[in-house]
1. Round to the nearest 0.05 the FRET efficiency obtained for B:LEU78 and B:GLU243 when R0 = 60 Å and r is the Cβ-Cβ distance.
2. In the protein assembly as shown, carbon and sulfur make up what percent of the accessible area (probe 1.4 Å)?
3. Quick one: with label points 7 Å out along Cα→Cβ, list the inter-copy distances for B:LYS341 in nm, shortest first?
4. Averaged over peptide A:320-331, how many Cβ atoms belonging to another chain are found within 10 Å of each residue's Cβ?
5. Which order, highest average first, do B:192-201, A:73-82 follow once you tally other Cβ atoms within 10 Å for each residue and take the mean per peptide?
6. Which residue, chosen from B:THR211, B:LEU97, B:PHE119, occupies the Cα position most advanced towards the positive end of the dipole of the stretch B:77-234, where the dipole is computed from +1 (Lys, Arg) and -1 (Asp, Glu) charges on Cβ about the Cα centre?
7. Distances in nm, one decimal, shortest first, from B:GLN382 to the same residue in every other copy, taking the label point 7 angstrom along Cα→Cβ.
8. Starting from a label point 7 Å past Cα on the Cβ side, list the distances from A:LEU78 to the same position in the other copies, nm, shortest first.
2 protein chains.
Amino acid sequence: MKSAHSYIQEHKERFLNELIELLKIPSISADSAYKNDVIKTAEVIKTSLLKAGCDTVEICETPGYPIVYGEKIIDKNLPTVLVYGHYDVQPPDPVELWDSPPFEPVIKKTELHPQGAIFARGSCDDKGQMYMHVKALEYMTNTGQLPCNVKFMIEGEEEVGSESLSWFVERNQDKLSNDVILISDTGMIANDIPSITTGLRGLSYVEVEVTGPNRDLHSGLYGGAVANPINILTKMIASLHDENNHITIPGFYDEVDELSKEERAKMAEAPFSKENYTKALAIEDVYGEAGYTTNERNSIRPTLDVNGIWGGYIGEGAKTVIASKAYAKISMRLVPNQDWKKITALFKSHFESIAPKGVKVVVKPHHGGQAYVTPIDSMGYQAAEKAYEATFGKTPIPQRSGGSIPIVSLFEKELKSKTILMGFGLDSDAIHSPNEHFGVWNYLKGIETIPQFYHYFTEIHSKQ
Amino acid sequence: MKSAHSYIQEHKERFLNELIELLKIPSISADSAYKNDVIKTAEVIKTSLLKAGCDTVEICETPGYPIVYGEKIIDKNLPTVLVYGHYDVQPPDPVELWDSPPFEPVIKKTELHPQGAIFARGSCDDKGQMYMHVKALEYMTNTGQLPCNVKFMIEGEEEVGSESLSWFVERNQDKLSNDVILISDTGMIANDIPSITTGLRGLSYVEVEVTGPNRDLHSGLYGGAVANPINILTKMIASLHDENNHITIPGFYDEVDELSKEERAKMAEAPFSKENYTKALAIEDVYGEAGYTTNERNSIRPTLDVNGIWGGYIGEGAKTVIASKAYAKISMRLVPNQDWKKITALFKSHFESIAPKGVKVVVKPHHGGQAYVTPIDSMGYQAAEKAYEATFGKTPIPQRSGGSIPIVSLFEKELKSKTILMGFGLDSDAIHSPNEHFGVWNYLKGIETIPQFYHYFTEIHSKQ
C-alpha cells in the first residue's frame, strides 16, 4: 500500500495545477462585482470534492453566497471529522504593489521557500490550505485508507464575516454532527518549527462617518470657522489610544482574560527575534501597548486599528476644500471573554459621545466574532500533535494567533465539538497583502500530515 | 450714446450663452487627463478677447499651461488697467453630489438669486467673473467709451498655484506695465451689500506620506504589534491643534500681524448672523480658534485644514488590513507678514519631528503664496468705490477675505502696482463645491460696474 509521501510525489504536478486553476478565479466576496466568480468557485469545489471521493456533494443556498457541503460516511460507528474552509478571498488591492497579477498564479523560489511558493491571492488564505484537505481525502480514498467518516463545509463569506455560515450551521446541526472540526486557515511558526494554533482573537469591525457642513466648502472662505470633518475624525481616532497605547473606550478591558505569570512565561519560550521581525517589515522599531511583548501584543491583547480612512480630495494635485464628510473603517481584535457585540456597542456609544458640536457622527457595526481557545488536552489536539510528530519528526508548539476565525466559537456553541487549527502557512506568506503566497513544500506537507490526523484521531477515539 | 445698462439688456441672452459655452469645457488644471480641454479654453478666451476689441491677443507659452495676453492701447499718455483672471477650474468631485452635471450649465432660480443663477463648475470661480471683463470691454469699445488702455492676462493654473504665471510675470514686466490691476475672483457680502476685498490670506499647501511596514499586513497577525500608519497619521494631525484650536507648530504665529482693537471693532460692524450661517451649512455650531469671532477666524487668523486624507482599504465591505502607507493633503491659510515658504519649512520640520519610531514621514511642499492687503486710500480703491456707488447706489464695505490669490502679492512685487479685487460672487455660490453657481444678476451687474471703474480711475488718475 502506498505511503502518503510517495503518493504525493507521484501526483505532485497535478496537485499543483489543480490548485493553480482554482486560484485563477477572483472569488472576492467583499466586492459584489465578483459575484459570478465567487459562485463559479463553489462549483469548482463541488466537482473536486466528488472527484476526491465524497459520496454526495451539495451546493447549499444561503441568504448570501452558497456553502459547499460534501460527505463520505463509511461507518456510523466510526468518528466523523468535519473539515471547514473557505473559497472566498480578500480583495487584492493595492494591485499595483503585486509583482505578478493576483489572479495569475506563478511559482517562484523565496528565501523561506527554496522549493518555490505559489504567488496568488488566496494561495494561502484559504484556497491553498483548504485544498490540502481535498487532496488528502483523495489519497485516503484512492488508497483505501480513510479510517473514519468525513464531512466538508466550505463557505464563501469568511472574509466578510461568515454571516450566511452562521445561518447555515444553526439550521443544519444534525447534518453537520461531528466528533472534531478540522481547519487549516492559520499559520505555523516556521517550516522547522511546527505549531498548532490554540487561540484566536475575536473581532469587531465598524465603519464611521463624520459629517460637518452640508456641502464641500472652500477652505479659504470657511477655513478656521467651521469644524473640518477630517480634522475632527483624526482627533476622535487619535483619542482612542492613550500615551501607553491602551484603548480609552470605557469598559473595553473589563472582560479581558488576563493570562497568569506562568502562561506568559510559557509563551515567552516561543522563539522570537525582534531584529528579524523589524527587518522583515523594514521598520525601525515595534510599537504597541506598554507592558507587553510583541508576541503578547498580537495574540493575547485586544487592539484597535484603522483599516481604511478617506475624505476630501484625494486625486492628483491640490484642491483647497473642506470636505462635508470623512470616513474610516475600524476593527478591534478581541481576546477570550470579550463579547464582540458588547464591545461594538461600547465603541459606538463612546465614539458618538466624543464628537464635538458642529459634526454629526454615525457608527455602522459591520461584523464580528468571539475569541476562542482550544484545550491542549482534548482528543483532537492530541491527535494533531501525533500527526505532526509523524510527518515533521517534532512535537508541535501550541501557539495563540492574533487572527480571527469568527465562526470557530460558533461551531463550539452550535455543534458542541472542539476545533483543531492545523495551519501550514507562514506569517511571511503575506495573506491579506500584495504578493500573497503559499510554499509548495507547505502545501504538500499539509496533504501528508492531514491523513495522519485522521488515523490518530480514530485511534484515540476508539480507546475512549 | 448707449448706457451700459441698456446695452447689457439688449445683449443679455448672448452674454449668457457665450459664458455657457465657455463653461462646457472642463478645464481642470489639477488633473492632467483634462490637458486638451484646458488648452482649448485658452483658445476660446483668445477669440473672445479679439471679438471684444483687443488690438492684439497672444497665447503665451509657459512651462505649464499657456497665458492668454491681450491688449488695446488707445493712448500712451492714458493710464493702463491690467485685468487678471483665470480660465482653469477646480476638479468637480464629488461629482455625485451635483444636481446637474458640472460641465452642462443650467440656469435655475435660487432663494438668493431670484433672477436665476448659472450652475456649472467655474461659473463663479473664475470663468464667469473673468468673462464679465471681456463683455465690459466689448461694451466700451462698441460704444466708443473706452477711456484708457487695457491689458488682459488670463492664466490656466490658478487652482494649482500659478507657477507658470510667476514665471511669466517675472519675464514680462514691460509688457505688463500698468497703473492698476483689476481682478474679479472674490465675493461680496450680499447683492444689497456691495463690498470690496481689501485683504487676502496666504497659503501653504503640503502633502504628507506616512509609511509603516513595507507591505500591507493582516491586522490580526500584526495588529497591536506594529505602528499602524493610519492611526499614527491621525495622532500626528490631531496634535497640530491644541484644546483652544491654536496651531501647535513652533513659531507658526511669530510673524502674524495682529489687528488693533479698533480694526477688530470695525470688522465687527460687518453684518453677520450666526443663525443664518449655521443654518446655511446645516451645522449645530461654529468651531474654531478660541478668542476670535467667526468673521475673524476665516479672514484675519491663520488656519490649518486637512483637504484630503486616504489610506488602507476604502472599497466596499470590510478588509482587515494594516496599510503600509497613509496620506493627507494639508493646507494652511496665512495672514499678512507670515512668509509661506518659512511656514512650509516650519510645518515640514515639525511634522517630521513628531513621527514616532516605526514610521517614516515625508512632507512634500505643494505650492503657496503670500497674504495681501490693499490700502483703501489708493487711487484704485477710490475709483472702485465710486464705481459701486454709481451702479449699486451704495458705498461698498471694505472686507478681508479668507481666500487666497497667491499671485496678488507677486504682482505688487514685480509690477509695482496695486490690485483691486472687485468680486461679484456670493459666499453661498459654492465655489470649489458641488453645485457651484453664479447669479445672472451678479454677472450682468459686474459687466455694468466694471466700465464705471475705468471711467473713475482715468478721471482720478488725470488729476494726479
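1. 0.55
2. C and S atoms contribute 50 percent here.
3. Result for B:LYS341, in nm, nearest copy first: 6.3.
4. Averaged over the peptide's residues, the number is 6.
5. Put in order of decreasing packing, that is B:192-201, A:73-82.
6. Farthest towards the positive pole: B:PHE119.
7. 10.5
8. For A:LEU78, the inter-copy label distances come out at 10.7 nm.
The values are calculated or read from the model by the stated rules, or taken from the named source; none is laboratory data. Because the structure is predicted, anything quoted here is derived from the model rather than measured. Methodologically, a virtual Cβ is constructed for each residue, glycine included, from the backbone with ideal geometry; neighbour enumeration extends over all protein chains shown. Side chains are part of the model used for accessible areas, which takes the heavy atoms of the whole protein and leaves out ligands, DNA and RNA. Shrake-Rupley method; radii C 1.70, N 1.55, O 1.52, S 1.80 Å.
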